[in-house]
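**Student:** Sharing a structure below in structure tokens format, with a few things to ask.
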Amino acid sequence: MAHSEDNDYEYRIKEGDHVVLKRGDVYKAVQIQRKKKVIFEKQWILLDNVVGHLYSTTFEVASGGSLQPKEDKETESSTDVKVAGTDNRNIVDDGKSQKLTRDDIETMKEQGLTDKEIIKQLIDNSATFSNKTGYAQDKYIKKKKKKYENTVTVVKPTCRIIAMMYHGREPGKICHLRYDTLAQMLTLANVHAGSKVLVFETCAGLVLGAIMERMGGYGSVIQMYPGDGPVRAGVECFGFPTHFHDMLHEFPICHVNALLAGTLDTGAKDPTAEEKQLRVAAVEEQNQPEAEQQEGSPEEENMVTNTSDDGGRGQEKLEKEKRQEAKAQERKVKLEEKRRKLAAAATLLEGRNADGLVIASHFHPYSVLLGLLKFLSPSRPFVVFSQYKETLIECYTKLKEQGGAINLMLTDTWLRQYQVLPDRTHPLLLMSGGGGYVLSGTTVATDHSKPAGSPPAEGPAPKRQKVKDSEG
């Protein structure tokens, strides 16, 4: 094959790949498709020209939205400023120092001026730029570059990038889970290749995708989901190969109690699906007489157009029956596939030998945690994430009371980013207020023959205090 000789083939962008577009601190996950426009930062772009280039390549947005590789050239016109002030005490930010207006800048954009030329015009028309200190001038140029630079970087999706994308754009969808907290969860849960991990999450599939990435396609992941079906929008952003999905299983959280009690019948039909089928059939039966009434006509018209109408109605009826049969067959195939997946997941859970448990949900984790802990082998880790510490405090207290877990730790995550520049390294002024709370522990085998809270059979007898008799 042609690509066998290319050592960088796996690091090059191919058609159909899932990638992440990056500009500054803004990310967006897309799929590479030819002749398909993608909107990014209020701008339409075409991704045809990125195919064949290496990941992390920076492209310039040309006219028409096409992307061209950016040439690495050091420009001295906008970055090297010879005149600088001693301090900024006399500079007043009244909005009148810039002579160019918004209309002038828009006109320069329409004329096709590059971002560097626009920044140079802004510097030349600023009345206070030459009076600023060198640090303030660098900060001004960096700010303008971020605003007017018309470039896009195509990066390979990873757990960290997808987490930063969700946290920056829609943190509510992932329960405000930060990427450093997600990294701690994967470490505390001891997620590795070849393990069997239970996952219950409502973070748009971000936690599930991070676990699948860490396992590398080896082992098994059982996703416990609420509602009608699992949500895996975040998993699609990773662009995993086909064999990664072979290790993924799903099981509804509502059937956990039946599985623990041994009353789950995986061969029975799904009641919710049966109800949906009955509702669809009833609606079709109601609509069919109305359609027949509308198709009916007076006797005089039937005498004239009897032969043509009968043939047309018969053909339409046959086509309608074929469509209904195809839909019924499709529903039947989906139900069989759903039952097959349910039976496969139930078989994995019946062994009660899972290697780890990860919970990250906006639901109260107490009942879910106590139910899923029974599927773990002894001496296995579990991790629970919550945006609020009160729910985890309750889980911590209950686990301490009933036993079955040791090394319980309730921690909060804290992250501070630093600006690292010559002579001005300091923490960033804006930072994340909190990354949520994590409860972790390790399961142990319990002796069910003894009631909870009973005193130990053997142990040192309590010491009695010696009382001296007073003589007098």
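**Student:** Between TYR11 and THR266, what is 0.36 nm times their sequence separation minus the Cα-Cα distance? Round to one decimal in nm.
**Tutor:** Extending this stretch completely gives an extra 87.5 nm.
**Student:** Sticking with this structure for a sec: Once the piece of chain linking THR57 and ALA233 is laid out straight, how much longer is it, given 0.36 nm per residue of separation minus the C-alpha distance between them?
**Tutor:** Once the chain is fully extended between THR57 and ALA233, it gains 60.8 nm.
**Student:** Working out 0.36 nm times the residue gap between LYS398 and GLN315, then minus their Cα-Cα distance, what length gain in nm do you get to one decimal?
**Tutor:** That works out to 23.2 nm of additional length.
**Student:** Now a separate question. So, with +1 on the Cβ of K and R and -1 on the Cβ of D and E, and no other charges, what is the size of the charge dipole of the stretch 325-396 about its Cα centre, to the nearest 20 debye?
**Tutor:** Roughly 280 debye, rounded to the nearest 20.
**Student:** Right, next: How far apart, in nm, are two points set 7 Å out from the Cα along the Cα-to-Cβ line at ASP180 and at ASP246?
**Tutor:** Label at ASP180, label at ASP246, 3.9 nm between them.
**Student:** Trypsin sites (Lys or Arg not before Pro) within the stretch 79-168: which are DSSP loop residues with at most 11 other Cβ atoms inside 10 Å?
**Tutor:** Here the sparse-neighbourhood loop sites are LYS82, ARG89, LYS96.
**Student:** What does the net charge come to around LEU47 if you take all other residues with beta carbon closer than 12 Å to its beta carbon, with K and R at +1 and D and E at -1?
**Tutor:** Net of charged neighbours comes to +3.
Where a number appears in this text, it was derived from the coordinates with a stated rule and is not lab data. What you see is a predicted model; the values in this text were computed from it and never measured. So basically every Cβ, Gly included, is an ideal-geometry build from the backbone, and we count neighbours across all protein chains shown.
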